[in-house]
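Every number in this text was worked out from the coordinates using simple rules, so none of it is lab data. Keep in mind it's a predicted model, so treat the numbers as computed, not measured. Every residue, glycine among them, receives a Cβ derived from its backbone with ideal geometry; neighbour counts consider all protein chains shown.
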Amino acid sequence: MLRRFRKYGGGARGVVTVATSSAPLVIVGGLLYAGLFVKAEAVVQKVEPPAIERRDSFYGVAAPNGSVVWAVGADGKVVRSEDGGQSWSRQETNTGANLQGIAAWDADSAVAVGNDGVVIVTRDAGRTWTQSEIPATGNPNKLFRVRIADGAAWAVGEFGALLRSTDRGETWSRMLPEKDRAWNDVAFVGNTGWLVGEFGALMKTTDGGTTWAAVETPNEVSLMSVAFRDAEHGVAVGLAGTLLTTADGGATWQQVPAFTREHLYSVIWDENRWLAVGDKGVMATAEADTAPWQPGRVAEGDVSWRTALARSGTRYFLAGSNLAVLDDGALSVAGHKRM
């Protein structure tokens, strides 16, 4: 490119031709083009959330052996531990329904139930969960708990739902007609079983669940959980601190004088004693003869509500407003500090 400049000086007037480079213009133009039309690719690193977050709620827990534990809860969440609760991993379920209960045949096979009649099963330790169909109904079919007895799975819930599966959760049959009453838990010892539910309702079967008969109790408060240590001795717990015991296979029930007004949601026999848990960190225990009951707390300062518990070795796993492990009196909450 040639540019002409007039040069003045020395008394002579002339024209000087100067050659200039076009490189600066090319560079500027290239920078403008890059800024306007070339977009840098953003590098996004995906951050996986922790398996258990502080906001999570869990409603059911199962411990098939001393190492493996499953817990289920809100929004279809399933977590599993393979080291006795020291670490947890999340498992995909392809459901957003709240899962209320879980039971396991072994470390590989389990079934979970929940809202909207959702039933999911796994055969590969939870790497995949598949949804099972339940008998059709025109009623809401929220399922609260699932139990395993002699290989069969039993699920209970709203509108008289009592379902049984004999093929590890693949197919289900309705064992009682639908009714405007919720069943909250079921327990079996051999062919004898017991159902508990709303308004103090209690039923018993002696033929493996084919037929059921109502049993009178001295209570009209909803019963939330039932457990038996043998065919004769059992405990049922419920709202407002309700606690019933039987020593004759559930033919008759005695009400334990209330020592708390907090709701009791779950009771188990752990081979040594009875344990019941419920609202605001309440825990009650009793020896084999179920008398006397000793009121207490899960841990000092703990006010969490607990809906289920399971024992594995020396540890107890508690579901509720959080997922916790109780080991020799020390409580550790997943995602929280030790108490």
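Some notes on this structure:
- Legend: ranking of residues F259, F317 from fewest to most surrounding C-beta atoms inside 10 Å; resulting order F259, F317.
- Close amide H contacts of H263 (hydrogens built in the peptide plane, cut-off under 5 Å, sequence separation of 5 or more or a different chain): A240, G241, D279.
- Amide H contacts of W305 (H built 1.01 Å from N, under 5 Å, at least 5 apart or other chain): K280, G281, S321
- In Hz, Karplus ³J(HN,Hα) per residue of segment 112-123 (6.51, -1.76, 1.60; θ = phi - 60°; x = Gly, Pro): 10, 10, x, 5, 6, x, 6, 10, 10, 10, 9, 10
- Nitroxide proxy distance, nm - points 7 Å out along Cα→Cβ at R261 and R123: 5.2 nm
- When +1 charges are put on Lys and Arg Cβ atoms and -1 charges on Asp and Glu Cβ atoms, the dipole computed for segment 58-333 relative to its Cα centre reaches about 380 debye.
- Couplings 3J(HN,Hα) for segment 217-225, derived from phi with the Karplus relation 6.51 cos²θ - 1.76 cosθ + 1.60 (θ = phi - 60°), are 9, x, 7, 10, 8, 4, 9, 10, 7 Hz, where x marks Gly and Pro.
- Chain lengthening between D180 and D230 when straightened (0.36 nm per residue, less Cα-Cα): 14.9 nm
- For T128, net neighbour charge (Lys/Arg +1, Asp/Glu -1) across residues whose Cβ lies under 12 Å away: -1
- Residues whose amide H comes within less than 5 Å of that of S225, counting only those at least five positions distant or on another chain, are V237 (H built at 1.01 Å from N in the peptide plane).
- Ordered by the number of other Cβ atoms lying within 10 Å of each residue's own Cβ, fewest first, K142, K179 fall into the sequence K179, K142.
- Net charge of neighbours whose Cβ lies under 13 Å from the Cβ of K204, counting Lys and Arg as +1 and Asp and Glu as -1: -4
- Förster radius 51 Å - calculated FRET efficiency between A330 and D116, Cβ distance, rounded to 0.05: 0.85
- A simple spin-label model places the labels of N272 and A213 3.8 nm from each other, with each point 7 Å out along Cα-to-Cβ.
- Label-point separation, F199 to R311 (7 Å along Cα→Cβ), nm: 3.5 nm
- Each Lys or Arg adds one and each Asp or Glu takes one away; over the other residues whose Cβ falls under 14 Å from the Cβ of N115, this sums to 0.
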